[in-house]
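Data block below; observations after.
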Amino acid sequence: MHSDSSFNEIYESIFPPIHRFVRMRIPAPDVDDVTAEIIVKVWRALPRFDGRSSLKTWALRIACNRVVDYYRAQNKVPVLPLDDDLAVIRSQADHSENVTTSLSISQTLAQMPEPQVAVIQLRLIESLSAAEAGEILGMTRDAVDSLLYRAKKSFRRIYAWESTGGSSR
């Protein structure tokens, strides 16, 4: 499908969402290596891309599988590192409220089940449709909508609990 597209064109279109996806799911020291592995996998699999979804959706499905493999191979529990984002916020003028908010969001997401974090990222951060998120996560559109509803509810509950110092649920 993209035989006439150069590697650079494809790289430019898929790198930002893949890097964001990986950066929110694995420890910072491994982000660049895992992202590069995914880009290579996408490029090598490109002849099999049939165009039934967007290139971005298809590439994010590959990224999702690679992140699962990363944790399976290391027998680790997924975390949500936002160190790079916090460093950028801290380096700006006095934005201590932004840092506090980012820390609260990071802590909240870190306590949520991985499928809920994935659906929040795909639907709310990457702005994918429920159908596209479903292709990536391997579930129906209705299941994605239901998962997003539960994820928002969990987020609000955990965030409120964190904001009060854990004094109420």
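The values are calculated or read from the model by the stated rules, or taken from the named source; none is laboratory data. These numbers come from a predicted model, not from an experiment. Cβ coordinates were reconstructed from backbone atoms using ideal geometry, including for glycine residues, and neighbour counts include every protein chain displayed.
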Residue under question is residue 122, and the condition is that it be part of a loop (DSSP other than H, G, I, E, B), touching a residue at least 40 places away in the same chain (Cβ under 8 Å) and in contact with a helix residue (DSSP H, G or I) (Cβ under 6 Å, 6 or more places away or on another chain); does it hold? no
Residue satisfying all of: in the stretch 1-36; more than 17 Å from residue 68 (Cα to Cα), of a type in the set (D, E, K, R) and modelled with pLDDT of 85 or more; farthest from the chain's Cα centre (by Cα) among these: 9
Against the condition within 20 Å of residue 16 (Cα to Cα) and either part of a helix (DSSP H, G or I) or small (Gly, Ala, Ser) (or both), how does residue 144 come out, does it pass? no
Could you tell me how many of the residues in the stretch 120-168 are loosely packed, with under 14 Cβ neighbours inside 10 Å, polar (S, T, N, Q), within 22 Å of residue 106 (Cα to Cα) and at pLDDT 85 or above? 1
Name the single residue, out of those in the stretch 16-73 being touching an Asp or Glu at 6+ places or on another chain (Cβ under 8 Å) and of a type in the set (S, T, N, Q), that is nearest to residue 125 (Cα to Cα). 57
